[in-house]
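These notes concern the structure reproduced below.
Just so you know, all these numbers are worked out from the coordinates, no wet-lab data involved. Just so it is clear, the structure is predicted and the values come from calculations on it, not from any experiment. With ideal geometry, Cβ positions are generated from the backbone for all residues, glycine too; neighbour counts draw on all protein chains shown.
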Amino acid sequence: MPPRTGAPGSPGASPIGVFDSGVGGLTVLRALIASLPGEDFLYLGDTARLPYGTKSAQTVARYSVRAAEALVKRGIKALVVACNTASASALPALRERFPELPVIGVIEPGARAACDASQSGRIAVLATEGTVRGGAYLDAILAIRPDAHVTQVAAQIFVALAEEGWSEGEAVDAVTERYLAHLDARIDTVVLGCTHFPLLAAAIARRVGPSRQVVDSAATTARAASEVLESRQLRNSPLRTGEVRLLATDSPERFARVGQRFLGSAIAERNVEAIDL
């Protein structure tokens, strides 16, 4: 195995922590692995407390801080919050609790990429009901581009389709048509504002048409994480092969079975460590 950039015990030699309420954040982990192949990752799915979307912002922040504390105790050098609800509700609490730790959420990178991609400023955000209700993407986009016109679409059934492994077929096409048929024709950019939605990206892109850009928040978050590590001189050599460790707070068997669809590779139950927060 090629050596790390950092010497043993140095910040560069530490893993990157990735946190989500369940398996959806594995799409972000997948993008991170592709973007940062030399890094080690420690992924925590808080499956005992999902879904976060039905919880209050205060509860989500409390759960997120506990998850981050568990990862920090294992020596992470940066934290990626691979959950839209936690990114919307918990980033200030996490940054206050861990002021020296780089904390990257999924919403701001996705919003920035959408603003960069859109020529007209007319942007649609596909997200869960909780994310739409909180307006986090709306706020993030308008903070970057005040002249933008943002349409939010609560596409909750996409989550169930993704977890069932249904990425193509008549049912997917019917649901996609129901959610997207009435988009304003002037919209030129569509944001996948949930970590489950990249599994349905092909069906979504087919429905919105080739003239519209589809922005994946997983890929843009990976790029943002890479930039943060580079700026803080925390990146490992891309010549080494990174390692991935998986943690779950409940049902490692289900985490492994469902999670492999999101990670894009097989997960053995024995490789998922059960932990208690």
For this session: Treating only the Cβ atoms of Lys and Arg (+1) and Asp and Glu (-1) as charged, compute the dipole magnitude of region 1-146 about its Cα centre; round to the nearest 20 debye.
Result: 160
Seminar exercise, completed: Normalised Cα Rg of region 16-123, dividing by 2.2 N^0.38 Å with N its residue count, works out at 1.08
For this session: Provide the descending list of Cα extents for the chain along its principal axes, expressed in whole angstroms.
Result: 55, 39, 38
For this session: Just rank H182, H149, H196, fewest to most, by other beta-carbon atoms within 10 angstrom.
Result: H182, H149, H196
Problem set entry | Other-chain or far-sequence residues with amide H under 5 Å of V18's (modelled H) | L42, Y43, L44, V80
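Quick check: convex hull over the Cα atoms of region 108-217, volume per residue in Å³, rounded to an integer? Display every interim value, and only then the final one.
Values: hull volume 9.1 nm³, N = 110.
With only Cα atoms used, region 108-217 gives 83 Å³ per residue.
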Problem set entry | Total charge dipole magnitude, region 108-217, about the Cα centre, Cβ charges on Lys, Arg, Asp, Glu only, Debye to nearest 20 | 320
Seminar exercise, completed: A correct Karplus calculation of ³J(HN,Hα) over region 98-115, with 6.51 cos²θ - 1.76 cosθ + 1.60, θ = phi - 60°, whole Hz and x for Gly and Pro, returns 10, x, 8, 9, x, 10, 10, x, 9, 6, 4, x, x, 5, 5, 5, 5, 5
